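K.L.:
Got a structure here, written out as C-alpha cells. Questions coming.
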Amino acid sequence: QVQLVESGGGLVQAGGSLRLSCAASGRTSSSYAMGWFRQAPGKERDVVAAISRNGDITYYADSVKGRFTISRDNAKNTVYLQMNSLEPEDTAVYYCAADWTYANSPTLERVRYDYWGQGTQVTVSS
C-alpha cells in the first residue's frame, strides 16, 4: 500500500517552467517504478515520463522529450517532473503513479500502475 500526493502545479506563461513533486508514503518507493501521466479534457490519460525503480532508466513521450526531466529520490520517497519550455499543449491534470515491480524497467502502460495520486493542474497560457 502506498499513497501518492502531487504538488507543484499552477499557471505559467508559455516558455516557462514548473517542477512537479510526488510524495509517497507507505511501502518503500524503491519497490516501485514511477510514472507521470497527464490528462486533458476529452483525452485519455497518457504517460508523459516514467522511471525505473533504481532511477537509472527513463522514458519520455515524444511530445516532451528535451523539455521534461523525470527523477526520483528514493531516500525522500519522492519523484519529480521538471518541465521546461512549457507549451499550451502541455495544459492538463498531471498524475503520478506507482507500479510495484521487481523489474528495473520503466512502466509505460497505464493499466499496469497500482497506485495513483489525485493529480495537480498545470495550465500554460499562450
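The values are calculated or read from the model by the stated rules, or taken from the named source; none is laboratory data. Keep in mind that this is a model prediction, so the values were computed, not measured. Positions of Cβ are backbone-derived with ideal geometry, glycine not excepted, and every protein chain shown enters the neighbour counts. Ligands, DNA and RNA are stripped out before the accessible areas are found, and what is left, the full protein with its side chains, is counted by its heavy atoms. Shrake-Rupley method; radii C 1.70, N 1.55, O 1.52, S 1.80 Å.
K.L.:
So if I check each of Gly16, Gly26, Gly8, which one is in contact (Cβ under 8 Å) with a residue 60 or more places away in the chain and at positive phi?
P.N.:
After ruling out the rest, the residue left standing is Gly8.
K.L.:
For segment 13-126, which strands (runs of 3 or more DSSP E) that fit wholly inside it have 1 or more residues that are within 17 Å of Gln1 (Cβ to Cβ) and among the polar types (S, T, N, Q)?
P.N.:
18-26
K.L.:
Does Thr120 meet the test of being at pLDDT below 95 and surrounded by 15 or more Cβ atoms within 10 Å (Cβ to Cβ)?
P.N.:
No; evaluated as a whole, the condition is false for this residue.
K.L.:
May I pose another question? Please pick out the residue among Trp36, Trp100 that is in contact with a Phe, Trp or Tyr (Cβ under 8 Å, 6 or more places away or on another chain), surrounded by fewer than 18 Cβ atoms within 10 Å (Cβ to Cβ) and among the aromatic types (Phe, Trp, Tyr).
P.N.:
Just a single option satisfies the conditions, and that option is Trp100.
K.L.:
Would a scan of segment 3-15 turn up a residue that is among the acidic types (Asp, Glu) and either touching a helix residue (DSSP H, G or I) at 6+ places or on another chain (Cβ under 7 Å) or open to solvent by less than 60 Å² (accessible area, probe 1.4 Å) (or both)?
P.N.:
Step one: of segment 3-15, the residues among the acidic types (Asp, Glu) are 6.
Checking which are either touching a helix residue (DSSP H, G or I) at 6+ places or on another chain (Cβ under 7 Å) or open to solvent by less than 60 Å² (accessible area, probe 1.4 Å) (or both) leaves us with 6.
So far as segment 3-15 goes, yes, one or more of its residues are among the acidic types (Asp, Glu) and either touching a helix residue (DSSP H, G or I) at 6+ places or on another chain (Cβ under 7 Å) or open to solvent by less than 60 Å² (accessible area, probe 1.4 Å) (or both).
K.L.:
Those residues that are out of contact with any Ser or Thr (no Cβ under 7 Å at 6 or more places or on another chain) and either open to solvent by less than 60 Å² (accessible area, probe 1.4 Å) or among the hydroxyl-bearing types (Ser, Thr, Tyr) (or both), I need them from segment 56-71; list them, please. Give the derivation first.
P.N.:
Of segment 56-71, the ones out of contact with any Ser or Thr (no Cβ under 7 Å at 6 or more places or on another chain) are 56, 58-66, 68-69, 71.
Those that are out of contact with any Ser or Thr (no Cβ under 7 Å at 6 or more places or on another chain) and either open to solvent by less than 60 Å² (accessible area, probe 1.4 Å) or among the hydroxyl-bearing types (Ser, Thr, Tyr) (or both): Thr58, Tyr59, Tyr60, Ala61, Ser63, Val64, Phe68, Thr69, Ser71.
K.L.:
Continuing with the same structure: Does Thr28 fit the bill of being more than 25 Å from Val12 (Cα to Cα), out of contact with any Gly (no Cβ under 9 Å at 6 or more places or on another chain), at pLDDT below 90 and not hydrophobic (A, V, I, L, M, F, W, C)?
P.N.:
For Thr28, the condition - more than 25 Å from Val12 (Cα to Cα), out of contact with any Gly (no Cβ under 9 Å at 6 or more places or on another chain), at pLDDT below 90 and not hydrophobic (A, V, I, L, M, F, W, C) - is met.
K.L.:
Okay, moving on. List the residue pairs whose Cβ atoms are under 8 Å apart, where the first residue sits in segment 77-93 and is open to solvent by 30 Å² or more (accessible area, probe 1.4 Å) and at pLDDT 95 or above, the second is of a type in the set (Asp, Glu) and in a strand (DSSP E or B), and the two are 6 or more positions apart or on different chains.
P.N.:
Correct list of pairs: Tyr80/Asp73.
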